[in-house]
Amino acid sequence: MITRAQGAYEGALRAFQEPMLDLLHRKYAPLVVSLLSLVFTPERPTVPVADAHTEIGDALDQLRAQGYEFRDDGARAIPEGSARDLCRQWADVGWLIRRIADDDVEVYQLSAHAVGALEVAGRAGGTRARVSESRVRTLLDAVERLAQDADPDVLARMARLDSQIRRLQAELDQIQRTGLIEDVPDEVLLEEAENVLHLVRELPADFARVAESIKAMQRSVITGLRQDERPSQEVLREYLERAEHVSESTPEGRAFAGALRLLGDPERMDELSEHLDVVLRHRFTERLPATQRAELRDIGRRIAQGVDEVNRTQRQASTVITTQVRNHDPLRDRQVDELLREVMTALQMWVPDTRPGQDVTPLRRLPVPDIGNLRRSTHDLRPPQPPAPLTEWDDDAGPAPDDGSREWGGPHYGPLTEHLHALAAGDGADLAAAFSSAPEEYRRPVDLLGLLEIADQHDMTETDEVAYVEAIRPDGSRRRFAFGGVTVRMKEATDD
C-alpha cells in the first residue's frame, strides 16, 4: 500500500521530470529564461534558425562583456559553447521545436513546456496575482456555471433563471428611475484588469499544448504505419479518418474544438474588440504600465494567432499523414529502419572509445564491390552487312489516290493562280468576285485562304468595304464568310 507521503513524493518526481519544471530547475535556468523571452515574443512566435543563433550569440557576448559569466560564488552562470550548441541542447531537452515554415525556411519555436516555464517565471518576477474580488468572482462564476451545466433538474434551472431575471430587472428599473450607474472604484478596475491579464497569459501555453498534442498524434500515426502490423486496408481506413478529424483525436484537441466554437463566433469577437476599446478609453488604464496596456490591446490578436497556429499544425499533420498513407511502402520502410539501426549500433560502438574533439576519418570514396568476373570487351555494334539501299520514290509518279483525301486537303494554289491571272492581269479585279467566279471545286473555305495568300504576294490593295462570299465544302454544305474588301493586280511572270 502506498502511503500519502510516498504518493506525494512520486507525484512531485513526475512533475519535475516534465521539461517545464526541468527548465526552471536547471543550473542555467535564469540564462535560458532570459534568452528565450528576449528572442521569442508574442509578436514573434517563430524565429529563423540563423537569426536565433545570431541574436542569442550577440546576447551571450554582451553578458560576458558585462561580467555575468560567473556568479559571486565563482560558479559559472553562462555555459561554454556557441549559441548554436545551446540551441541544439535546448531542442534536445524539449524546450525548442525546430521545423520548416511555409516558406521553406527552418525556424525555431517555443514548446508548450517552454511557454509555461516563461509564464511561471514572468509571474514570479512581475506583479503577483492577489486574492481580489475579481478573482473570487471569476471562481464563483465558474463554479456556478459548472453546477448549472451539471444539474439535470429542470425546476432548479427554471428557478435560477427566474432569480437572474428578477435581479437584472431590478437593476434595469433602478437605472431607468435614477439615470445613474454606480461608479466602480479604480482600484477594483485595476484588480479586474490584472485578473484578465492573468487569464490571457495562460492562453499561449494552452494553444502550444494543443499543437503539440496534434504533433504527438501525428508521430503515433506514422509509427503505426511504419510498423505495418495490420492489413493495409484497415490501416488506410482508420488513419485517413483520423487524419480528417485530427483535432478531435486528443483530449487537448477536443477541448480546443469546444473553445473554438466560442472563438469562431464573429459576434463574440466583435464584442470582445468593443469591450477592449471601452476599457482602454477609461481613465484607470492610465495607472497601468505600458506593457499591460499593450497586452490588453493585443488580446484579440493573440487569440487569433494561437488559433492560426493550431490550425496550421492540424493542416500540416493531415498532410503528413495523408502523404505517408499514399506513399506507404513496408519493404522500403523496413530497409530504412534496418539501416538506421545499423548506424546507431555503429555509433554506440564507436563513441565509448573516442574523446571529445577527436577527428573522424571521412569516407573519401565508396568501397569497391567484390565482383567475380567483369566483362572487359563489348560486342561489335556494327552490323555484319550494310542495310539495303532505300528505294527511290517519286512523289509525282503514278496516279493520284482516288479516296477523296485531296478534296479535304490544302488550297489548290496552281489553279487559283491561273484563275487570278486570267481575271486580274490588267487593271486588277475584286478578290471576292474572283472567288465567286471560280469553279465549285476551287471554292472551298481553305481555297479562300489560299486566294488571299496568293493576292498578298502580288499587288493587293485593301478597301474600306466588307466583302461577302459563299464557300462550298466537299460534302456540299455551304458557309458564308465576310472579310475586308481586297483588289488585286497580278504581276507578269517577268516581274517575279
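No value in this document is a laboratory result; all are computed from the given coordinates. Since the structure is predicted, the reported quantities are computational estimates derived from the model, not experimental observations. Heads up, the Cβs are rebuilt from the backbone with ideal geometry, glycines too, and the neighbour counts pull from every protein chain shown.
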Item to complete: May I ask you to derive the FRET efficiency for E55 and Y28 from their Cβ-Cβ distance with R0 = 22 Å, giving the value to the nearest 0.05?
Response: 0.80
Worksheet item: Stretch Q457-R382 to full length: gain in nm at 0.36 nm per residue minus the Cα-Cα span?
Response: 21.9 nm
Worksheet, complete the sentence: Label model pair R157, R297: point-to-point distance (7 angstrom along the Cα→beta-carbon line) in nm is 4.3
Worksheet item: How far is it, in nm, from the label point at D277 to the one at T354 when both lie 7 Å from their Cα along the line to the Cβ?
Response: 6.3
Practice prompt. Provide the FRET efficiency to the nearest 0.05 for the W393-L449 pair, computing r from the beta carbons and using R0 = 25 Å.
Written response: 0.25
Worksheet item: Of the listed peptides 421-432, 289-300, what is their order by residue-averaged count of other C-beta atoms within 10 Å, with the highest listed first?
Response: 421-432, 289-300
Worksheet item: If R0 is 25 Å, what FRET efficiency do you get for R479 and D427 from their C-beta distance, rounded to 0.05?
Response: 0.25
